[in-house]
Structures are given as C-alpha cells and as structure tokens.
Amino acid sequence: MTPDLPLETQLDLALRLTVGLVLGAIIGFERELSRQPAGFRTHSLVSLGAALFTVVSAFGFSGSAVDPTRIAAQIVSGIGFIGAGTILQYRGHIRGLTTAASLWSVAAIGTAAGAGLYVVAVVGTVLILVILAILDRVEAIARRRLQLPPDGYDLPKNEPDDGMSEDLP
C-alpha cells in the first residue's frame, strides 16, 4: 500500500534528500580536488542513495510490520562492497583506502540526512572534511619532519620457495 503523506511531509523528505546530496557533494568535491578515483559525482550519489533508502525505509512502508533499521544496516553492507572496488593494488602498493572510508562515511551522512538529523549530518560533514583536507597536511608535515617514507602500504613481495617460481608483476 502506498503511503498517503501530506504535502508538508513530502517537502520535508525532499529537503532531507537535498541535504544528503549537498553534503555528499561537498565531500566529493574535496576528493575531486585531490584527484581521487571516487570524486564529486560518486560521493553525491552515495549520500543521496543512502538518504533515499533511509526515507523510504522510514516512510515508504508505514502501517506494515517492517523494521526501518534493516535498510540502514544494508546501506552499511552495500557501501562496503562499493568501497572495496575503490581499493587498488599497484606494484606492491595499496591505494584507495581513504576513498573507500570517505564513501562509507558519506553513506552515514546520507543516512543521517535521510533520518532528518541535519545537525549531525552537517557536523559529520565538517569532521570528514577536517580529516580529508587538514589532517592530510598535518601528516605530510610530520612525515617530512620525522623523515618517514612516503605514504602507502607495501605488500610483501612474492618470494619463491623452491627457486622455480617467478615474482608476479
């Protein structure tokens, strides 16, 4: 059965979707400026999608015995799958972990916006931007001062155990 929501409620739900989209886009813009594989559009879509799923789970099945928290739990699982796709291994280095984490965080922002938790969504967005933009600079300064190696996670090289196998490229 389709819920019969008053116009005021539908406008509030549209605002929730818009807030989710805008906050996700802000974080995506920062990722775009950093030339990351998932940027403006991807973050916008993830946040909007999470907001939409949250709104639908809360308002789309009114009157039925559906637990709205089940959809929120599935958002977490689904975004994990998308995030895994952004993690790349190239020549022994792993890249994309921060992008995967930002997508996961943007899904939470969208979920908060979809639930009408605007202040939580905005504060979450600001904190994510602090982590992505400011802490990146702090990390670079610390690496230079402490003379640490460049950022990256090295995978162990394949070592032949019988002298017959070759290292993979």
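All of (1) outside any helix (DSSP H, G or I); (2) in contact (Cβ under 8 Å) with a residue 24 or more places away in the chain; (3) under 28 Å from E139 (Cα atoms) hold for R35 with one exception: (2).
Among the conditions (1) in contact with a helix residue (DSSP H, G or I) (Cβ under 8 Å, 6 or more places away or on another chain); (2) exposed (fewer than 13 other Cβ atoms within 10 Å of the Cβ), the only one that T98 does not satisfy is (2).
Okay, residues lined up against (1) surrounded by 10 or more Cβ atoms within 10 Å (Cβ to Cβ); (2) modelled with pLDDT of 85 or more; (3) in contact with a helix residue (DSSP H, G or I) (Cβ under 6 Å, 6 or more places away or on another chain):
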position: I94; (1), (2), (3): yes, no, no
position: G110; (1), (2), (3): yes, yes, yes
position: L117; (1), (2), (3): yes, yes, no
position: I131; (1), (2), (3): yes, yes, no
position: E139; (1), (2), (3): yes, no, no
position: R143; (1), (2), (3): yes, no, no
position: Y153; (1), (2), (3): yes, no, no
position: K157; (1), (2), (3): no, no, no
position: D161; (1), (2), (3): no, no, no
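For the range 6-23, the set of residues classified as over 16 Å from T125 (Cα atoms) and in a helix (DSSP H, G or I) consists of L7, E8, T9, Q10, L11, D12, L13, A14, L15, listed by residue number. In this structure, L48 does satisfy being at pLDDT 90 or above and either under 16 Å from A115 (Cβ atoms) or among the small types (G, A, S) (or both).
Filtering I26, I75, I79 for residues that are hydrophobic (A, V, I, L, M, F, W, C), over 19 Å from Y118 (Cβ atoms) and either touching a residue at least 24 places away in the same chain (Cβ under 8 Å) or outside any helix (DSSP H, G or I) (or both) leaves a single hit, I79.
In the range 1-31, what residues are surrounded by 14 or more Cβ atoms within 10 Å (Cβ to Cβ) and over 19 Å from F53 (Cβ atoms)? Once the filter is applied, which keeps residues that are surrounded by 14 or more Cβ atoms within 10 Å (Cβ to Cβ) and over 19 Å from F53 (Cβ atoms), the range 1-31 yields I26, F29, E30, R31.
The values are calculated or read from the model by the stated rules, or taken from the named source; none is laboratory data. As the structure is a prediction and not an experimental result, all values here were calculated from the model. Backbone-built Cβ (ideal geometry, glycine too); neighbour counts: all protein chains shown.
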